[in-house]
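All of the numbers you see were taken from the coordinates with simple rules; none came from a lab. None of the values given here were measured: they were computed from a predicted structure. Positions of Cβ are backbone-derived with ideal geometry, glycine not excepted, and every protein chain shown enters the neighbour counts.
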Amino acid sequence: MKLRYLFLLLLAFSGTLTAQTPVVMNFDTLPAFSLTFGAWSTADVDGDSTYGILDHTFLHMGDPMAFICFKPSGVTPPMTDTLIQPHSGTQYGACFASVVPPNNDWLISPQVQLGNGGELTFWAKSYTDQYGLEKFKVAVSVTDNNPASFTVISGPSPVSAPVAWTKMIYNLSAYNGQSVYVAIQCVSNNAFIFMVDDLTVNPGTSGGLSANFSANRTTIPAGDSVLFTDLSTGSPVSWKWEFAGGTPDTSDLQHPGYIVYNSPGTYNVTLVVSDGTASDTLTLPGYITVTPSLPSQMSLDFESLGDFVLNFSPWSTADLNGGATWAIMGVQFPNEGSPMAWICFNPTATTPPMTNMAAHSGVRMGACFSSMPNNNPNNKWLISPRMYLGANPKIDLWVRTYDSTYGGNERYNICVSTTNNNPGSFTAVNGSTPESAPAAWTLKSYNLGAFSNQAAYVAVQCVSDNLFIFMVDDISITSTVGVPEPERTWARIYPNPASGSIYVLVDPSSGGKSRISLLNALGIQVREYHPVLAGGQPAMLPVGGLPTGIYFLKITVGEQTLVRKITIIE
């Protein structure tokens with residue numbers, strides 16, 4: 001058996017399979033602001049001048065160019081903005097927007113002799129999404145490095161680069177045994193800066209049997225799952241997987257499906273494949289990173305808060321410009337006129353009660369009163385706790401302008417930060433123009449897809465300029481995290497979410513004595529059941545008295561085991 005672990009160079013002496021030499025570009029060995037990258041080539045097909053950075057200068061700024069070796073600390077003055085820093089080291093490849101869009105800029109590898117199971121990996125991000133996310137394609141040429149010779153392998157539509165550094169992986173198995181050039185083509189349309197770093201073309205092995213696999217995600221919160229897919233070449237007939245820290249922790253299936261990780265940490269993944277004669281092993285150390293569990297959904301309807309309080313814990317607030325706030329003529333309430341960001345406002349509890357204002361639902365809402373001159377415009381923040389935005393994240397909220405006679409409708413932004421809850425760390429998801437709140441309660445929805453599968457804070461920022469009262473209510477931030485339920489399975493679990501009891505119903509052929517464990521998000525068993533699952537009758541499992549949150553139900557009947565994610569609510 002031959003092992004591919006960290007010592008790839010030893011494979012040249014294994015006598016069975018030979019490792020090819022990876023082609024790497026991390027930009028740190030190049031001169032700062034260079035437009036040439038050694039053995040790697042570039043092509044500026046659009047040929048247009050590029051945008052610079054306001055209040056900063058650097059070599060070649062504004063010149064027509066494809067990619068530049070960008071060093072933020074070498075700019076005059078140096079740039080400390082966290083969003084423009086490299087993935088590693090001090091430099092990276094940057095593609096600045098063409099003044100006449102769209103971009104058509106290429107970064108092309110030297111010619112690489114591929115073995116089996118080669119792949120291109122690199123880290124990419126958009127500097128900002130203020131002008132839209134950067135767009136790129138990945139392409140391969142088997143003839144030369146002329147852009148016209150390349151075939152796109154990244155799909156029919158350009159790929160969007162998130163605003164956080166994200167690892168991109170493209171399998172090159174379709175070109176096994178061929179000499180190729182691999183390229184990244186920036187096709188952004190009037191955005192700003194497309195950033196790439198730590199590129200590697202891994203040619204794979206020259207032997208016939210090669211273990212290889214991929215995962216749909218490599219960083220997840222505790223209690224979430226990873227989908228593994230076999231990419232091995234050489235016609236294997238058997239597979240043995242080991243998932244350190246995973247549930248289950250082994251599998252003999254070619255494609256083992258979803259593996260749940262319940263405890264924070266970094267974990268190796270190993271795959272051994274065999275064709276009946278030879279075998280090959282691939283171990284990726286620290287391949288899966290599991291972060292502490294965070295909620296994937298968050299809401300705020302203000303009903304559980306006290307009347308007129310300024311503290312919305314666990315949500316936080318920030319009033320950056322400060323100053324006393326406008327009051328409501330003929331009405332009194334606690335904290336009236338005080339410097340404040342947001343107040344939990346109950347119109348029915350003012351003195352006298354207000355009859356021309358009402359919450360969207362219930363009796364309370366969030367109200368942002370305009371600061372008085374000279375503290376305008378508002379820069380007031382309502383910020384969620386840290387949460388994990390899974391698949392299809394979005395925020396829904398109801399907004400309203402109380403009175404537009406003081407200069408028009410209230411203005412606001414929806415913002416996200418992946419670092420901390422400091423207002424300076426947030427990026428507006430609604431673009432460069434603030435949103436307008438209508439005069440009647442209106443539901444607004446914002447897609448947070450650029451931050452999928454990331455820990456983040458979500459904020460509502462009021463930016464009204466000397467208006468009156470911006471009103472919000474029934475804020476809901478949602479995303480999907482967990483193990484998708486198969487279309488068919490031998491056990492049915494309902495309801496989900498559950499309150500009080502869960503019911504388990506199995507196919508008649510799967511009935512009999514069983515053991516069922518209920519695990520919390522950290523993998524700790526909190527309940528155990530031993531019902532008889534038979535006769536097509538569901539078994540009732542009481543879950544009352546447990547804290548609300550995410551749990552995992554592990555069902556074992558005979559030789560069959562099934563793990564399903566459930567949510568327990570009040």
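If Rh is defined by the Kirkwood formula over all Cα pairs and Rg also comes from Cα, what ratio Rg/Rh do you get for the chain? All intermediate terms of the calculation are to be shown ahead of the outcome.
Numbers: Rg = 28.1 Å, Rh = 27.2 Å.
Ratio of gyration radius to Kirkwood radius: 1.03.
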- For Ser41 and Leu227 in the same chain, what is the full-extension length gain: residue separation times 0.36 nm, less their Cα-Cα distance, in nm? 63.4 nm
- For Pro236, what is the net charge nearby, where nearby means another residue's Cβ is under 10 Å from its Cβ and Lys, Arg count +1, Asp, Glu -1? -3
- Item | Where a label projected 7 Å from the Cα of Lys167 along Cα→Cβ would reach, residues of segment 63-103 with amide N under 17 Å | 87-89
- Note on the structure: Computed Rg/Rh for segment 20-202 (Cα atoms; Rh = Kirkwood radius) stands at 0.95
- Query: Along the three principal axes, how long is segment 213-291 when you take its alpha carbons, biggest first, rounded to the nearest angstrom?
  - Reply: 40, 20, 17
- Note on the structure: Under Stokes-Einstein, segment 67-146 at 10 °C and 1.306 mPa s, with its Kirkwood radius over C-alpha pairs, diffuses with a coefficient in µm²/s of 104
- Message: Place a point 7 Å from Cα of Val331 in the direction of its Cβ. Which residues in segment 275-314 have their backbone N less than 15 Å from it?
- Response: 307-309
- Within-15-Å neighbourhood charge of Asp44 [Cβ basis; K, R +1; D, E -1]: -4
- Query: For segment 300-477, what is the charge dipole size about the Cα centre, in debye to the nearest 20, if Lys and Arg each add +1 at the Cβ and Asp and Glu each add -1 at the Cβ?
  - Reply: 320
- Message: So in the chain, which Cys have no other cysteine's beta-carbon sitting under 4.7 angstrom from theirs?
- Response: Cys69, Cys344, Cys415
- Message: Just to be sure I follow the rule: in the chain, considering lysines 8 or more places apart or on different chains, how many pairs have Cα atoms under 28 Å apart?
- Response: 28
- Query: Looking at Ser251, Phe70, Ala43, which one has the Cα that reaches farthest to the positive end of the dipole of the chain (charges on Cβ: Lys, Arg +1; Asp, Glu -1)?
  - Reply: Ser251
- Query: If eta is 0.692 mPa s and T is 37 °C, what Stokes-Einstein diffusion coefficient results for segment 300-477, Kirkwood Rh from Cα pairs, in µm²/s?
  - Reply: 202
- Ranking Val526, Val429, Val182, Val269 by Cβ neighbours within 10 Å, fewest first, what do you get? Val526, Val429, Val269, Val182
